[in-house]
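A short worksheet on the structure shown next.
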Amino acid sequence: MVKNHLDKNGSFTGSPKPPHSATSTDPNSRKSSQEELEHHNEDVEKLSEDIDRFVDELSTCHDKSNPPEVPDAVETFSKIIELKINKHNTCESSATKFCKMTEEDNFFIEAVSRLSKLTNSLSEFPSGSMTTRSLNRTSMVLQRAMMFMEEELRTLLEENSKDSSSNVNKIHKHSSFNSNRLLVDGEQCVLTLSESSGDEEYPSFPQDAVTRMNRIASAMILDGYETECCQVYSISRRNAFSEQMKKLEFEKINMEDVQRMPWDSLEGEITRWIRVVKSCSTTLFPGEKRLGDTIFSESPTISQSLFSNLARAIAIHLLDFVEAVTMTKRSAEKLFKYLDMYEAMRDLIPSINKSCSNECENELNSEIQATTDRLGEAAVSIFCDLENSIKNDVARTPVPGGAVHPLTRYVMNYLKYACEYKVTLEHIFQQHVKSEQSNSNSSSPAKLKPFLEVEAESESPHETVAGTSPFSIQLVTIMDLLDTNLVAKSNLYRDPPLRHIFLMNNGRYILQKVKGSAEIHQVMGDTWCRRRSTIVRQYHKNYQRETWGKVLQILSHDGMQVHGKVAKTTVKERFKNFNAMFDEIHRTQSTWVVSDEQLQSELRVSISALVIPAYRSFFGRFRQYLDNPKQAEKYIKYQPEDIETLIDDFFDGNTTSMARRKT
């Protein structure tokens with residue numbers, strides 16, 4: 001037996017032996033067939049030249065009814081290929097049915113390609129001619145060779161798609177084709193796909209596995225087995241993608257199940273869905289595109305088509321989930337998950353654009369955009385439902401102590417979180433307005449008509465905001481509705497000063513929330529904040545007037561003299577009235593709540609600045625008109641410093657009835 005080896009051209013060479021007839025083999029003896037074939041394997045290079053020469057002869061034969069005589073080299077060449085396949089399939093040293101064929105790779109690829117050309121040339125002659133028997137023979141062997149390569153491609157795809165450090169060993173053990181380099185445009189280049197099995201890379205294929213798959217795919221496509229090659233690749237990669245979905249704990253859920261699912265459960269499914277979409281955008285789709293482009297480097301159109309089909313199948317799966325979610329009952333708490341989904345969908349489009357063909361890109365983009373728009377409309381609907389929630393929040397019982405109303409806290413915190421999605425909501429509302437304009441053929445929706453005026457032309461503090469985008473208009477609309485609602489709620493308080501404390505508390509809370517959120521502040525602007533501050537100060541002045549106006553009248557020096565002399569009776573009456581009025585104010589307003597510490601301090605300081613000087617002046621001027629110490633003790637209940645101490649109790653909440661509230 002001659003030991004074959006590869007020459008510089010990639011063909012087998014060996015010492016020549018006398019040729020043997022291809023028809024002398026005993027068909028009942030497999031051993032004798034192989035021994036005889038080994039003799040024919042003596043000079044593969046010469047045999048290949050004979051096949052090439054015969055193919056040329058067939059192609060130049062103009063009389064198709066009279067083909068040239070088929071040489072023995074055809075049968076011998078067919079048997080050599082069969083032997084290679086048989087040796088591979090019957091190998092017992094491998095854990096699978098495949099064996100290593102390292103040094104024979106080039107021969108096998110070239111031999112199958114040569115056999116394909118021969119088969120195509122023989123098929124040009126009519127059935128029943130002297131070439132028919134040879135055509136049947138080569139066709140059968142070619143079919144076997146392609147089945148072998150198809151299985152080899154499947155094994156390489158499946159065995160090496162696992163994230164394991166043993167992948168490299170598996171490749172060398174289970175695969176027939178071995179090469180570390182790939183010819184692209186006639187030049188040798190090193191493949192750059194992953195050689196490691198790190199979690200950061202997808203898909204995790206050793207470099208030599210990708211190179212082998214490239215050689216197999218190129219040969220199958222060149223030899224007319226494109227469909228089989230693409231089918232194996234497509235099925236394998238879809239299965240691999242499904243495994244990635246399972247790793248991300250996301251499985252397909254039908255629409256009915258989504259609609260019946262409690263929000264807590266659906267929220268978890270949405271979180272997993274977002275994780276999958278982000279993985280597709282950043283890792284899975286780009287990885288699949290790189291893999292396909294490398295394996296089908298000589299057929300970019302096929303690579304593009306395969307990826308497009310895969311991406312479309314996965315995208316439809318993802319879009320179906322979104323459709324189901326948008327059909328569930330809408331509620332305020334769902335807004336932020338909807339926005340997360342919207343952003344994930346938005347980021348998916350560029351990933352598709354970079355990887356798909358124009359036709360696929362346009363079709364997929366259209367479907368993704370349509371679903372994204374429906375998600376955006378759902379978000380707009382939920383956000384706008386906040387208006388109805390505010391309008392319908394009709395309270396019959398006032399909040400104790402005039403504290404910040406729960407509605408105010410809810411709305412402002414909701415807006416704060418919503419404005420963290422400011423850019424997304426700006427885009428969604430802009431698209432919503434365009435859609436409304438398109439559907440109504442009107443120049444502008446009613447809500448967008450001169451709602452916001454230039455600062456110089458506007459008298460309302462709620463009309464001047466930093467921007468005039470649809471979202472900013474929506475935001476200021478909600479602010480106005482909240483103001484209107486709070487004014488209505490303030491009328492639940494019978495005590496007018498408490499109404500102003502309630503409005504001051506809520507107004508200050510709204511202002512602080514806007515100033516404390518860069519996103520809301522950016523929308524509302526400094527002008528709005530200044531005007532809001534003016535409103536809060538006005539509530540403060542109204543409170544002072546309602547509460548301390550009568551007190552200051554009592555402490556006034558006017559009316560204290562009768563006929564030029566201070567009337568002792570009037571002095572006694574004024575001290576008595578002051579004591580009674582201050583006691584009542586202290587009793588009630590110590591139970592009122594101002595939770596903002598700065599506002600609380602400002603109120604106490606302003607009361608002290610207003611009351612204490614007036615009382616000190618009245619006290620110093622008129623106490624001497626009380627006849628004796630006992631009478632003074634009866635009518636003078638408070639020293640000026642006592643008043644200052646008692647003012648510090650105001651707005652702290654009655655500790656026996658309510659806990660002090662903090663923002």
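Considering only the range 210-239, how many residues are buried (at least 20 other Cβ atoms within 10 Å of the Cβ) and either under 27 Å from I270 (Cα atoms) or β-branched (V, I, T) (or both)? Number satisfying all stated conditions: 5.
Just one of the listed residues (A370, A344, A311) is without any contact (Cβ under 8 Å) to a residue 40 or more places away in the chain and assigned to a helix (DSSP H, G or I), namely A370.
Which residues, counting only those in the range 134-169, are open to solvent by 70 Å² or more (accessible area, probe 1.4 Å) and at pLDDT 70 or above? Correct list: N136, M140, Q143, R144, M147, E158. Entry remark, the range 557-582: residues being in contact (Cβ under 8 Å) with a residue 12 or more places away in the chain and out of contact with any Asp or Glu (no Cβ under 8 Å at 6 or more places or on another chain) number 13 in total.
Would you pick out the residues in the range 528-586 that are over 20 Å from D627 (Cα atoms) and of a type in the set (D, E)? Correct list: E546, D558, D583, E584. Check L348, L364 and return the single one that is within 17 Å of F285 (Cβ to Cβ), at pLDDT below 85 and over 14 Å from the mean Cα position of the chain (by Cα). After ruling out the rest, the residue left standing is L364. Scanning the range 626-643 for residues that are open to solvent by 90 Å² or more (accessible area, probe 1.4 Å), modelled with pLDDT under 85 and touching a helix residue (DSSP H, G or I) at 6+ places or on another chain (Cβ under 8 Å) turns up just one, D627. Of the residues making up the range 388-431, those that are assigned to a helix (DSSP H, G or I), among the small types (G, A, S) and open to solvent by less than 20 Å² (accessible area, probe 1.4 Å) are G401, G402, A418.
The values are calculated or read from the model by the stated rules, or taken from the named source; none is laboratory data. What you see is a predicted model, and the numbers here were worked out from it, not measured in a lab. Cβ sites come from the backbone with ideal geometry, for glycine too, and all protein chains shown count toward neighbours. Keep in mind that these areas ignore ligands, DNA and RNA; they rest on the heavy atoms of the full protein, side chains included. Shrake-Rupley method; radii C 1.70, N 1.55, O 1.52, S 1.80 Å.
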